[in-house]
Amino acid sequence: MSVDNLPEINTIGVIGAGQMGNGIAHVCALAGYDVYLTDINEEALSKALNTIDGNLARQAARNVISEEDHVAALKRIKTASNYDFLDKVDLVIEAATENEQVKRKIFAEVCPKLNPEAIVATNTSSISVTRLASTTDRPERFIGMHFMNPVPLMKLVELIRGIATEERTFQAIRELTVRLGKTPTPAEDFPAFIVNRILLPMINEAVYTLYEGVGTVEAIDTAMKLGANHPMGPLELADFIGLDVCLAVMQVLYDGLADSKYRPCPLLVKYVEAGWLGKKVQRGFYDYRGEVPVPTR
Ligand SMILES: CC(=O)CC(=O)SCCNC(=O)CCNC(=O)[C@H](O)C(C)(C)COP(=O)(O)OP(=O)(O)OC[C@H]1O[C@@H](n2cnc3c(N)ncnc32)[C@H](O)[C@@H]1OP(=O)(O)O
Ligand SMILES: NC(=O)C1=CN([C@@H]2O[C@H](COP(=O)(O)OP(=O)(O)OC[C@H]3O[C@@H](n4cnc5c(N)ncnc54)[C@H](OP(=O)(O)O)[C@@H]3O)[C@@H](O)[C@H]2O)C=CC1
(Lines give C-alpha, C1' and ligand atoms only; values in the text may rest on other atoms or scores of the structure.)
(Ligands and ions follow the chains in the order given, each with its own letter.)
Protein backbone atom coordinates (compact mmCIF):
# COMPACT_ATOMS: atom_id res chain seq x y z
CA MET A 1 0.00 0.00 0.00
CA SER A 2 1.41 3.42 -0.84
CA VAL A 3 0.99 6.14 1.76
CA ASP A 4 1.59 9.82 0.99
CA ASN A 5 3.35 12.23 3.32
CA LEU A 6 5.22 9.74 5.39
CA PRO A 7 6.50 11.15 8.69
CA GLU A 8 9.96 12.62 8.16
CA ILE A 9 12.78 11.04 10.15
CA ASN A 10 15.96 13.07 10.63
CA THR A 11 16.92 12.58 14.26
CA ILE A 12 16.88 9.24 16.06
CA GLY A 13 17.16 8.42 19.76
CA VAL A 14 18.59 5.01 20.69
CA ILE A 15 17.88 3.75 24.19
CA GLY A 16 20.28 1.14 25.54
CA ALA A 17 23.94 1.26 24.51
CA GLY A 18 24.77 -2.44 24.67
CA GLN A 19 25.85 -4.47 21.67
CA MET A 20 22.64 -3.82 19.72
CA GLY A 21 22.25 -0.15 20.69
CA ASN A 22 25.77 0.67 19.57
CA GLY A 23 25.30 -1.17 16.26
CA ILE A 24 22.00 0.63 15.61
CA ALA A 25 23.56 4.03 16.41
CA HIS A 26 26.47 3.12 14.09
CA VAL A 27 24.31 2.31 11.04
CA CYS A 28 21.92 5.24 11.60
CA ALA A 29 24.78 7.75 11.87
CA LEU A 30 26.55 6.26 8.85
CA ALA A 31 23.35 6.71 6.83
CA GLY A 32 23.33 10.43 7.72
CA TYR A 33 20.90 10.56 10.65
CA ASP A 34 21.62 12.54 13.81
CA VAL A 35 21.66 10.14 16.73
CA TYR A 36 21.28 10.49 20.48
CA LEU A 37 22.45 7.37 22.32
CA THR A 38 21.49 6.86 25.96
CA ASP A 39 21.83 4.18 28.66
CA ILE A 40 21.29 3.95 32.42
CA ASN A 41 24.91 2.92 32.68
CA GLU A 42 27.33 5.81 31.92
CA GLU A 43 30.19 3.39 31.47
CA ALA A 44 28.20 1.61 28.74
CA LEU A 45 28.00 4.93 26.85
CA SER A 46 31.76 5.53 26.66
CA LYS A 47 32.33 1.85 25.88
CA ALA A 48 29.73 2.05 23.08
CA LEU A 49 31.39 5.10 21.50
CA ASN A 50 34.76 3.31 21.56
CA THR A 51 33.22 0.24 19.97
CA ILE A 52 31.51 2.31 17.25
CA ASP A 53 34.75 4.18 16.58
CA GLY A 54 36.63 0.87 16.30
CA ASN A 55 34.04 -0.71 14.01
CA LEU A 56 33.92 2.38 11.75
CA ALA A 57 37.73 2.42 11.63
CA ARG A 58 37.72 -1.25 10.64
CA GLN A 59 35.21 -0.51 7.84
CA ALA A 60 37.38 2.41 6.66
CA ALA A 61 40.56 0.30 6.78
CA ARG A 62 38.80 -2.26 4.54
CA ASN A 63 37.50 0.44 2.16
CA VAL A 64 33.86 -0.34 2.96
CA ILE A 65 33.52 3.36 3.88
CA SER A 66 35.86 6.36 3.55
CA GLU A 67 37.77 7.92 6.45
CA GLU A 68 35.56 11.04 5.98
CA ASP A 69 32.45 8.87 6.44
CA HIS A 70 33.96 7.46 9.63
CA VAL A 71 34.65 10.90 11.11
CA ALA A 72 31.30 12.35 10.00
CA ALA A 73 29.31 9.38 11.38
CA LEU A 74 31.02 9.60 14.75
CA LYS A 75 30.28 13.33 14.92
CA ARG A 76 26.56 12.65 14.35
CA ILE A 77 26.33 10.54 17.52
CA LYS A 78 25.75 12.36 20.80
CA THR A 79 25.59 10.43 24.04
CA ALA A 80 23.10 11.45 26.72
CA SER A 81 22.77 10.41 30.35
CA ASN A 82 19.22 11.78 30.63
CA TYR A 83 16.11 12.12 28.47
CA ASP A 84 16.39 15.87 27.78
CA PHE A 85 17.00 15.19 24.07
CA LEU A 86 13.67 13.43 23.52
CA ASP A 87 11.76 16.47 22.21
CA LYS A 88 14.30 16.67 19.34
CA VAL A 89 13.83 13.16 17.96
CA ASP A 90 11.47 11.90 15.26
CA LEU A 91 12.01 8.26 16.21
CA VAL A 92 13.11 6.37 19.31
CA ILE A 93 14.59 2.89 18.89
CA GLU A 94 14.51 1.04 22.20
CA ALA A 95 17.35 -1.48 22.52
CA ALA A 96 17.56 -2.04 26.28
CA THR A 97 17.71 -5.35 28.13
CA GLU A 98 15.28 -8.10 26.96
CA ASN A 99 12.96 -7.77 29.93
CA GLU A 100 9.35 -6.66 29.58
CA GLN A 101 9.26 -4.72 32.85
CA VAL A 102 12.45 -2.80 31.91
CA LYS A 103 10.98 -1.91 28.51
CA ARG A 104 7.58 -0.88 29.95
CA LYS A 105 9.32 1.41 32.45
CA ILE A 106 11.35 3.00 29.65
CA PHE A 107 8.24 3.66 27.53
CA ALA A 108 6.43 5.14 30.55
CA GLU A 109 9.29 7.62 31.05
CA VAL A 110 10.03 8.30 27.40
CA CYS A 111 6.60 8.77 25.78
CA PRO A 112 5.45 11.85 27.75
CA LYS A 113 8.65 13.66 26.72
CA LEU A 114 8.33 12.92 23.00
CA ASN A 115 6.76 15.01 20.28
CA PRO A 116 3.23 13.53 19.85
CA GLU A 117 4.04 12.60 16.23
CA ALA A 118 7.28 10.77 17.07
CA ILE A 119 7.45 7.04 16.32
CA VAL A 120 8.58 4.49 18.92
CA ALA A 121 10.28 1.30 17.73
CA THR A 122 11.42 -1.62 19.83
CA ASN A 123 14.32 -3.90 18.94
CA THR A 124 12.89 -6.66 21.14
CA SER A 125 13.93 -10.18 20.12
CA SER A 126 10.73 -11.84 21.19
CA ILE A 127 8.26 -9.83 23.29
CA SER A 128 4.78 -9.03 21.96
CA VAL A 129 4.84 -5.70 20.11
CA THR A 130 1.07 -5.36 20.63
CA ARG A 131 1.45 -5.76 24.40
CA LEU A 132 4.38 -3.31 24.62
CA ALA A 133 2.48 -0.82 22.41
CA SER A 134 -0.58 -1.03 24.65
CA THR A 135 1.46 0.37 27.54
CA THR A 136 2.23 3.55 25.56
CA ASP A 137 0.24 6.63 24.56
CA ARG A 138 0.84 5.85 20.84
CA PRO A 139 0.09 2.24 19.78
CA GLU A 140 -0.54 3.57 16.22
CA ARG A 141 3.00 4.93 16.07
CA PHE A 142 4.65 1.93 17.74
CA ILE A 143 6.43 -0.87 15.83
CA GLY A 144 8.90 -3.72 16.18
CA MET A 145 12.18 -3.02 14.35
CA HIS A 146 14.29 -6.11 14.92
CA PHE A 147 17.91 -5.69 13.83
CA MET A 148 20.30 -8.66 13.69
CA ASN A 149 23.67 -8.94 15.43
CA PRO A 150 26.25 -7.70 14.42
CA VAL A 151 24.14 -4.80 13.14
CA PRO A 152 26.75 -3.20 10.82
CA LEU A 153 27.05 -6.49 8.91
CA MET A 154 23.70 -8.22 8.99
CA LYS A 155 21.35 -7.28 6.18
CA LEU A 156 17.99 -8.18 7.72
CA VAL A 157 15.60 -6.10 9.80
CA GLU A 158 12.33 -7.77 10.77
CA LEU A 159 9.44 -5.30 10.91
CA ILE A 160 6.63 -6.27 13.25
CA ARG A 161 3.31 -4.47 13.30
CA GLY A 162 1.37 -4.46 16.54
CA ILE A 163 -2.37 -4.82 16.17
CA ALA A 164 -2.78 -1.01 16.15
CA THR A 165 0.30 -0.01 14.12
CA GLU A 166 -0.74 2.42 11.38
CA GLU A 167 0.28 1.79 7.78
CA ARG A 168 2.15 5.13 7.61
CA THR A 169 4.23 4.11 10.64
CA PHE A 170 5.07 0.79 8.97
CA GLN A 171 5.95 2.49 5.65
CA ALA A 172 8.08 5.18 7.32
CA ILE A 173 10.11 2.53 9.17
CA ARG A 174 10.30 0.38 6.06
CA GLU A 175 11.74 3.32 4.13
CA LEU A 176 14.21 4.08 6.93
CA THR A 177 15.34 0.44 6.94
CA VAL A 178 16.10 0.62 3.22
CA ARG A 179 17.99 3.92 3.71
CA LEU A 180 20.10 2.17 6.35
CA GLY A 181 21.14 -0.29 3.63
CA LYS A 182 19.13 -3.14 5.15
CA THR A 183 16.46 -5.46 3.81
CA PRO A 184 13.14 -5.23 5.66
CA THR A 185 11.04 -8.35 6.11
CA PRO A 186 7.58 -8.22 7.67
CA ALA A 187 6.86 -10.68 10.47
CA GLU A 188 3.61 -11.21 12.32
CA ASP A 189 3.45 -10.40 16.00
CA PHE A 190 3.78 -13.87 17.53
CA PRO A 191 6.41 -14.92 20.09
CA ALA A 192 9.97 -14.35 18.79
CA PHE A 193 8.71 -13.46 15.26
CA ILE A 194 10.49 -15.37 12.43
CA VAL A 195 14.27 -15.48 12.91
CA ASN A 196 14.26 -16.26 16.62
CA ARG A 197 11.29 -18.66 16.38
CA ILE A 198 13.57 -20.81 14.23
CA LEU A 199 17.09 -19.93 15.43
CA LEU A 200 16.69 -19.99 19.22
CA PRO A 201 15.12 -23.47 19.47
CA MET A 202 18.13 -24.66 17.40
CA ILE A 203 20.52 -23.03 19.89
CA ASN A 204 18.52 -24.41 22.85
CA GLU A 205 18.74 -27.88 21.26
CA ALA A 206 22.51 -27.46 20.96
CA VAL A 207 22.62 -26.75 24.71
CA TYR A 208 20.52 -29.91 25.34
CA THR A 209 22.98 -31.83 23.15
CA LEU A 210 25.76 -30.61 25.45
CA TYR A 211 23.68 -31.23 28.62
CA GLU A 212 22.94 -34.81 27.60
CA GLY A 213 26.60 -35.47 26.78
CA VAL A 214 26.05 -36.10 23.08
CA GLY A 215 29.01 -33.85 22.33
CA THR A 216 31.44 -31.40 23.89
CA VAL A 217 31.22 -27.66 23.22
CA GLU A 218 33.94 -28.00 20.61
CA ALA A 219 32.39 -31.07 18.95
CA ILE A 220 28.95 -29.47 18.71
CA ASP A 221 30.27 -26.24 17.21
CA THR A 222 32.60 -28.04 14.81
CA ALA A 223 29.80 -30.37 13.75
CA MET A 224 27.46 -27.51 12.86
CA LYS A 225 30.15 -25.35 11.21
CA LEU A 226 31.55 -28.10 9.02
CA GLY A 227 28.47 -30.31 8.80
CA ALA A 228 25.85 -27.65 8.12
CA ASN A 229 28.05 -24.76 6.89
CA HIS A 230 26.94 -22.40 9.67
CA PRO A 231 29.34 -19.42 9.99
CA MET A 232 29.45 -19.91 13.78
CA GLY A 233 28.70 -23.00 15.85
CA PRO A 234 25.44 -22.74 17.85
CA LEU A 235 27.20 -22.43 21.22
CA GLU A 236 29.62 -19.80 19.90
CA LEU A 237 26.60 -17.98 18.47
CA ALA A 238 24.76 -18.24 21.81
CA ASP A 239 27.77 -16.62 23.52
CA PHE A 240 27.79 -13.94 20.82
CA ILE A 241 24.07 -13.17 21.22
CA GLY A 242 24.26 -13.29 25.04
CA LEU A 243 22.98 -16.25 27.07
CA ASP A 244 20.61 -13.94 28.98
CA VAL A 245 18.99 -12.91 25.69
CA CYS A 246 18.82 -16.57 24.53
CA LEU A 247 17.13 -17.62 27.78
CA ALA A 248 14.72 -14.68 27.70
CA VAL A 249 13.65 -15.56 24.15
CA MET A 250 13.15 -19.25 25.03
CA GLN A 251 11.09 -18.24 28.04
CA VAL A 252 8.86 -16.02 25.86
CA LEU A 253 8.43 -18.91 23.37
CA TYR A 254 7.68 -21.39 26.19
CA ASP A 255 5.18 -19.10 27.93
CA GLY A 256 3.66 -17.63 24.78
CA LEU A 257 3.14 -20.86 22.82
CA ALA A 258 2.56 -23.11 25.86
CA ASP A 259 4.42 -25.98 24.23
CA SER A 260 7.04 -28.07 26.05
CA LYS A 261 9.18 -28.20 22.92
CA TYR A 262 10.36 -24.68 23.83
CA ARG A 263 11.45 -25.63 27.41
CA PRO A 264 14.70 -23.75 28.10
CA CYS A 265 17.54 -26.22 28.72
CA PRO A 266 18.40 -26.33 32.47
CA LEU A 267 22.08 -25.97 31.54
CA LEU A 268 21.31 -22.66 29.78
CA VAL A 269 19.51 -21.53 32.94
CA LYS A 270 22.54 -22.54 35.04
CA TYR A 271 24.97 -20.52 32.90
CA VAL A 272 22.74 -17.44 33.16
CA GLU A 273 22.37 -17.90 36.93
CA ALA A 274 26.17 -18.07 37.18
CA GLY A 275 26.42 -14.75 35.34
CA TRP A 276 28.27 -16.54 32.53
CA LEU A 277 26.37 -14.60 29.89
CA GLY A 278 28.77 -15.13 27.00
CA LYS A 279 31.20 -12.93 25.15
CA LYS A 280 30.00 -9.64 26.66
CA VAL A 281 31.22 -10.77 30.12
CA GLN A 282 34.13 -12.82 28.77
CA ARG A 283 32.64 -16.15 29.84
CA GLY A 284 29.89 -18.43 28.61
CA PHE A 285 30.22 -21.72 26.74
CA TYR A 286 33.74 -20.45 26.08
CA ASP A 287 36.13 -18.56 28.34
CA TYR A 288 37.38 -15.51 26.40
CA ARG A 289 39.83 -14.19 28.97
CA GLY A 290 42.92 -15.75 27.39
CA GLU A 291 44.41 -15.40 23.94
CA VAL A 292 42.07 -17.95 22.38
CA PRO A 293 38.56 -18.94 23.53
CA VAL A 294 38.62 -22.10 25.69
CA PRO A 295 35.47 -24.27 26.02
CA THR A 296 34.06 -24.27 29.56
CA ARG A 297 32.75 -27.87 29.21
C1 LIG B 1 19.12 -12.79 18.98
C2 LIG B 1 18.34 -11.97 18.02
O3 LIG B 1 17.37 -11.31 18.43
C4 LIG B 1 18.58 -11.96 16.55
C5 LIG B 1 20.00 -12.15 16.09
O6 LIG B 1 20.73 -11.24 15.88
S7 LIG B 1 20.47 -13.74 15.93
C8 LIG B 1 22.16 -13.63 15.43
C9 LIG B 1 22.28 -13.39 13.96
N10 LIG B 1 23.66 -13.34 13.62
C11 LIG B 1 24.33 -14.40 13.18
O12 LIG B 1 23.77 -15.47 13.02
C13 LIG B 1 25.79 -14.18 12.93
C14 LIG B 1 26.49 -15.45 12.56
N15 LIG B 1 27.90 -15.16 12.29
C16 LIG B 1 28.33 -14.63 11.13
O17 LIG B 1 27.55 -14.41 10.21
C18 LIG B 1 29.79 -14.36 11.01
O19 LIG B 1 30.47 -15.15 11.94
C20 LIG B 1 30.14 -12.85 11.23
C21 LIG B 1 29.51 -12.08 10.08
C22 LIG B 1 29.63 -12.31 12.55
C23 LIG B 1 31.63 -12.69 11.24
O24 LIG B 1 32.14 -13.24 10.05
P25 LIG B 1 33.63 -13.84 9.97
O26 LIG B 1 33.93 -13.96 8.55
O27 LIG B 1 33.76 -15.01 10.84
O28 LIG B 1 34.43 -12.82 10.75
P29 LIG B 1 35.57 -11.89 10.31
O30 LIG B 1 36.31 -12.38 9.11
O31 LIG B 1 36.32 -11.62 11.54
O32 LIG B 1 34.75 -10.60 9.94
C33 LIG B 1 34.07 -10.46 8.73
C34 LIG B 1 33.78 -9.01 8.62
O35 LIG B 1 32.91 -8.59 9.65
C36 LIG B 1 33.45 -7.52 10.41
N37 LIG B 1 32.99 -7.73 11.78
C38 LIG B 1 33.13 -8.84 12.52
N39 LIG B 1 32.49 -8.69 13.69
C40 LIG B 1 31.93 -7.46 13.69
C41 LIG B 1 31.16 -6.72 14.61
N42 LIG B 1 30.80 -7.21 15.80
N43 LIG B 1 30.77 -5.48 14.25
C44 LIG B 1 31.08 -4.95 13.08
N45 LIG B 1 31.83 -5.59 12.16
C46 LIG B 1 32.24 -6.84 12.46
C47 LIG B 1 34.93 -7.66 10.20
O48 LIG B 1 35.57 -6.44 10.30
C49 LIG B 1 35.03 -8.21 8.80
O50 LIG B 1 34.95 -7.18 7.82
P51 LIG B 1 35.55 -7.41 6.33
O52 LIG B 1 34.77 -8.52 5.71
O53 LIG B 1 35.31 -6.09 5.68
O54 LIG B 1 36.97 -7.78 6.52
N1 LIG C 1 22.11 -9.74 21.47
C2 LIG C 1 21.56 -9.96 20.29
O3 LIG C 1 22.11 -10.72 19.47
C4 LIG C 1 20.29 -9.29 19.91
C5 LIG C 1 19.54 -8.62 20.85
N6 LIG C 1 18.37 -7.99 20.47
C7 LIG C 1 17.59 -7.27 21.46
O8 LIG C 1 18.17 -6.00 21.65
C9 LIG C 1 17.95 -5.55 23.00
C10 LIG C 1 19.30 -5.26 23.63
O11 LIG C 1 20.08 -6.43 23.61
P12 LIG C 1 21.67 -6.40 23.76
O13 LIG C 1 22.20 -5.16 23.14
O14 LIG C 1 22.16 -7.71 23.34
O15 LIG C 1 21.79 -6.30 25.34
P16 LIG C 1 22.99 -5.70 26.22
O17 LIG C 1 22.88 -6.37 27.54
O18 LIG C 1 24.26 -5.75 25.46
O19 LIG C 1 22.59 -4.16 26.34
C20 LIG C 1 21.45 -3.68 26.98
C21 LIG C 1 21.79 -2.33 27.54
O22 LIG C 1 20.59 -1.72 28.00
C23 LIG C 1 20.89 -1.09 29.23
N24 LIG C 1 19.70 -0.81 29.99
C25 LIG C 1 19.06 -1.57 30.92
N26 LIG C 1 18.00 -0.90 31.42
C27 LIG C 1 17.97 0.32 30.80
C28 LIG C 1 17.14 1.45 30.90
N29 LIG C 1 16.12 1.50 31.76
N30 LIG C 1 17.41 2.53 30.15
C31 LIG C 1 18.45 2.52 29.27
N32 LIG C 1 19.29 1.47 29.15
C33 LIG C 1 19.04 0.38 29.89
C34 LIG C 1 21.83 -2.09 29.90
O35 LIG C 1 22.49 -1.50 31.00
P36 LIG C 1 22.97 -2.49 32.23
O37 LIG C 1 23.91 -3.45 31.60
O38 LIG C 1 23.57 -1.56 33.20
O39 LIG C 1 21.71 -3.15 32.73
C40 LIG C 1 22.75 -2.42 28.74
O41 LIG C 1 23.79 -1.47 28.62
C42 LIG C 1 17.16 -6.67 23.68
O43 LIG C 1 15.80 -6.40 23.58
C44 LIG C 1 17.54 -7.89 22.84
O45 LIG C 1 16.60 -8.91 22.91
C46 LIG C 1 17.93 -7.97 19.17
C47 LIG C 1 18.66 -8.60 18.20
C48 LIG C 1 19.88 -9.34 18.50
* Report the residue, chosen from Gly54, Gly21, Gly256, that carries the largest GNM mean-square fluctuation when the chain is represented by alpha-carbon nodes joined by springs under 10 Å. => Gly54
* To do: Express in Å², to the nearest 10, the accessible area of Val294 obtained by rolling a 1.4 Å probe over the protein heavy atoms while all chains stay in place.
  => 80
* Using the heavy atoms of the protein chains alone and a 1.4 angstrom probe, what is the accessible area of the stretch 42-86 per residue in square angstrom? -> 62
* With charges set only on the Cβ (+1 for Lys and Arg, -1 for Asp and Glu), what does the dipole of the chain come to about its Cα centre, in debye to the nearest 20? -> 320
* **Range in the chain, longest, excluding exposed GluC sites (Glu not before Pro) [loop by DSSP; at most 11 other beta-carbon atoms within 10 Å]** => 9-116
* May I ask you to list the aspartates and glutamates whose Cα is less than 13 Å away from that of Lys182, ignoring any residue fewer than eight positions away on the same chain? => Glu158
* Rounded to 5, percent antiparallel among DSSP beta bridges of the chain -> 25
* If one takes the longest principal axis of the Cα atoms in the chain, at what angle in degrees, from 0 to 90 and to the nearest 10, does the Cα axis of helix 67-76 lie? -> 70
* Prolate/oblate/rounded label for the stretch 11-188 (Cα gyration tensor, a/c 1.5) -> prolate
* Asked: What does the charge add up to near Ala96, with Lys and Arg as +1, Asp and Glu as -1, over the other residues with Cβ less than 10 Å from its Cβ?
  -> -1
* By how many degrees, 0 to 90 and rounded to 10, does the Cα axis of helix 243-257 deviate from the longest principal axis of the chain? -> 80
* Straight-line reach from Lys155: which aspartates and glutamates have a Cα under 15 Å away, not including same-chain ones fewer than 8 places off? -> Glu175
* Can you give the accessible area of Thr183 in Å² (nearest 10), computed on protein heavy atoms with a 1.4 Å probe? -> 70
* For the stretch 142-297: relative contact order, % (alpha-carbon pairs under 8 angstrom, 6 or more apart) -> 17
* What net charge is computed for the residues neighbouring Ala17, neighbours being all others with C-beta under 13 Å from the C-beta of Ala17, Lys and Arg scored +1, Asp and Glu -1? -> -1
* Pick from Ala187, Ala206, Ala219: which residue has the top mean-square fluctuation in a GNM of the chain where Cα pairs under 10 Å get a spring? -> Ala219
* Would you grab the residues whose amide H sits under 5 Å from the one on Leu37? Only those 5+ places off in sequence or on another chain, please, with H modelled 1.01 Å from N. => Val14, Lys78, Thr79, Ala80
* Given springs between every Cα pair under 10 Å in a Gaussian network model of the chain, which of Leu210, Leu132, Leu153 has the largest fluctuation? -> Leu153
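Report the net charge of residues surrounding Ala219, where surrounding means a beta-carbon distance below 15 angstrom and charges are Lys +1, Arg +1, Asp -1, Glu -1. Mind dumping the intermediate values first?
Working: positive: Lys225, Arg297; negative: Glu205, Glu212, Glu218, Asp221, Glu236.
Cβ neighbours under 15 Å give a net charge of -3.
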* **Surface accessible to a 1.4 Å probe, Asp87 within the full protein complex, Å²** => 100
* For the chain, build the charge dipole from Cβ charges (+1 Lys, Arg; -1 Asp, Glu) around the Cα centre, then report which of Thr216, Ala121, Leu277 sits farthest towards its positive end. => Thr216
* Under 20 Å from the Cα of Lys75, which lysines turn up, not counting those fewer than eight places away in the same chain? -> Lys47, Lys88
* Please work out the Cα center distance from the stretch 1-56 to the stretch 211-226, rounded to the nearest Å. => 36
* Structure fact -> Note on the chain: contact order normalised by length, alpha-carbon pairs under 8 Å, 6 or more apart, percent, works out to 14
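The values are calculated or read from the model by the stated rules, or taken from the named source; none is laboratory data. The shown structure was predicted, so the numbers you read here are calculated from the model rather than taken from an experiment. For neighbour counting, all protein chains shown are included, and Cβ atoms are generated from backbone atoms with ideal geometry for every residue, glycine included. The accessibility values were calculated without ligands, DNA or RNA, using every heavy atom of the protein model including side chains. Shrake-Rupley method; radii C 1.70, N 1.55, O 1.52, S 1.80 Å.
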